Amino acid sequence: MFPELTEAQRQRVERALDGVPFAKLLGIQLESVVAGHAVLSLPIRDDHKQNHGVVHGGAIASLIDSSMAFAIIPLLAENERTTTVDLTIHYLRPLTEGVAKSSARVVRAGRRVIVVSAEVLDHSERLVATALSTYLRLTRDAD
């Protein structure tokens, strides 16, 4: 499914995909992932929209955060996980129909901090939103 990943990375991505019930609830789908880059999509449904018929910013934020997380997952050691420290989103155009795609790219992966950027495109490949986020590496034994 993800030929550029090692077997361990592929298994970790698959475990993560199965382990995010909120993404399943929204209908977020994994399109592609390699170490440091991921593309996720969100087929727009009426229940994603706010009262003016535009996709709720929270649904877009969830798509962005999920794509960023999947870009990071293959870069982590087996005993590591991450948490989002901040997420800044610039909403540039309303999203009302079709399929939104978020493409996330790791800008820098340091020993403790990982910086990731993302762009969301609509079904016509117009830029809907941009984002920048910081994640903190956590080790399982340092909880």
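The values are calculated or read from the model by the stated rules, or taken from the named source; none is laboratory data. All of these numbers come straight from a predicted model, not from anything done at the bench. Cβ atoms come from the backbone with ideal geometry, glycine included; neighbour counts cover every protein chain shown.
Could you list all residues from the range 82-98 that are over 15 Å from the mean Cα position of the chain (by Cα), farther than 15 Å from G58 by Cα and not acidic (D, E)? Steps first, please.
Of the range 82-98, the ones over 15 Å from the mean Cα position of the chain (by Cα) are 90-98.
Pick out the ones that are also farther than 15 Å from G58 by Cα and you get 97-98.
G98, the sole residue that qualifies.
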**Prompt:** When the range 123-141 is examined, which residues are found to be modelled with pLDDT under 95 and among the charged types (D, E, K, R)?
**Reply:** R140, D141
**Request:** Could you tell me whether V116 is under 13 Å from the mean Cα position of the chain (by Cα) and within 21 Å of L5 (Cβ to Cβ)?
**Result:** yes
**Prompt:** So is V55 touching a residue at least 24 places away in the same chain (Cβ under 8 Å) and over 20 Å from A129 (Cβ atoms) or not?
**Reply:** no
**Request:** Report the residue count in the range 24-50 for those that are surrounded by fewer than 16 Cβ atoms within 10 Å (Cβ to Cβ), more than 30 Å from A77 (Cα to Cα) and without any contact (Cβ under 8 Å) to a residue 24 or more places away in the chain.
**Result:** 4
**Asked** Considering the range 51-88 alone, what residues qualify as being touching a helix residue (DSSP H, G or I) at 6+ places or on another chain (Cβ under 9 Å), surrounded by 13 or more Cβ atoms within 10 Å (Cβ to Cβ) and outside any helix (DSSP H, G or I)?
**Response** V55, H56, L76, E80, R81, T82, T84, L87
